[in-house]
1. With +1 on the Cβ of every Lys and Arg and -1 on the Cβ of every Asp and Glu, and nothing else charged, how large is the dipole of the chain about its Cα centre, in debye rounded to the nearest 20?
2. Hey, got the Cα dimensions of segment 165-245 along the principal axes, in Å, largest first?
3. Mind checking the angle between helix 101-119 and the chain's longest principal axis? C-alpha axes, 0 to 90 degrees, to the nearest 10.
4. Taking 30 Å as R0, compute the FRET efficiency from the Cβ-Cβ separation of Asp199 and Thr142 and round it to 0.05.
5. Could you go through segment 207-214 in sequence order and give the Karplus-derived ³J(HN,Hα) for each residue, using 6.51 cos²θ - 1.76 cosθ + 1.60 with θ = phi - 60°, rounded to whole Hz, and x for Gly and Pro?
6. Residues of segment 166-198 with backbone nitrogen within less than 16 Å of a virtual label 7 Å along the Cα-to-Cβ line of Arg112, please, listed as ranges.
7. With every protein chain present, what is the per residue accessible area of segment 165-245 (1.4 Å probe, Å²)?
8. May I ask for the longest run of the chain untouched by chymotrypsin sites (Phe, Trp or Tyr not before Pro) that are loop-located per DSSP and have at most 13 neighbouring C-beta atoms (other than their own) within 10 Å?
Amino acid sequence: MPDVELEIFCHGSMCVSYSGRCLLSSVMTGRSANEGKCAHPCRWNYYLVEEKRPGEYFPIESSDKGSYILNSKDLNMIDYIPEIAAAGVDSIKIEGRMKSLYYLACVVRAYRKALDCYESREKLPKKVTEELEKISHRKYTTGFYVDNSCRDMQVADTSEYEKKYDFLGIVKKVAGGTATLEARNKIRRGDSVEIIGSDIEHDRKEKIKSLFDCRGESLNEANPGMKIKVRLRCRAVAGDLIRKKNEQ
Ligand code: SF4
């Protein structure tokens, strides 16, 4: 076996065109997939047009909801870290193009924990796999790693994401039990939130009992982009993220 380092793709959206030659996004939107700016037109709905019948749009329907012929599920290999490590893989790749800070924080810390558990021969805690359900994602698959049959790899009825949690904001500073937050979503007084940091074992739950603007005026809610202050009972440090279970 050649002495080269081996990296494999482990988590995230899968591109149907892995050749690097898909020009759909570049041609249709001016955003080049090869520059990391793909607009994902492979997930859109299409009609069939025969060249001698311009203007006649024949529907391509997987179901009454539409057609998603190139709509792959997202890859999720967190349960297979021991097999991946045993196979001699040196590094794993997590898709991060155009993903949010919150998405990346959750996925990276989950895989970090999975690697640490493998190193220390501990069982992977359930909360680690559950963490990957708390980000916006399509249904998961293990792709061709586990099963070559192509069964259960595509979503044929929707290109929507599953989203069970909202990312509310970032802790910018903490002083004397008061945290300064940068809101990334609406934050309301009374919200039950989770405060998460780099270690998945130390997530904390908190109820936002009061919030204030930077001049100390009490607020009922804060809008995305606002800097606000909240009193916290639990420990928090700058860089922690705040999320809330989606009520839908
Ligand atoms: S449009 Fe779809 S298949 Fe083409 S590069 Fe983008 S993600 Fe890949």
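1. 1400 debye
2. Principal-axis extents of segment 165-245 (Cα, largest first): 35, 27, 19 Å.
3. 90 degrees
4. The formula returns an efficiency of 0.70 here.
5. After applying 6.51 cos²θ - 1.76 cosθ + 1.60, I find 10, 7, 8, 8, 9, 9, 7, 5 Hz.
6. 171, 195-198
7. Counting only protein heavy atoms, the per-residue value for segment 165-245 is 52 Å².
8. Formally, the longest exposed-site-free interval is 58-160.
The values are calculated or read from the model by the stated rules, or taken from the named source; none is laboratory data. These numbers come from a predicted model, not from an experiment. Every residue, glycine as well, gets a Cβ built from its backbone with ideal geometry; the counts of neighbours run over all protein chains shown. SASA here: full protein model, heavy atoms, side chains in, ligands and nucleic acids out. Shrake-Rupley method; radii C 1.70, N 1.55, O 1.52, S 1.80 Å.
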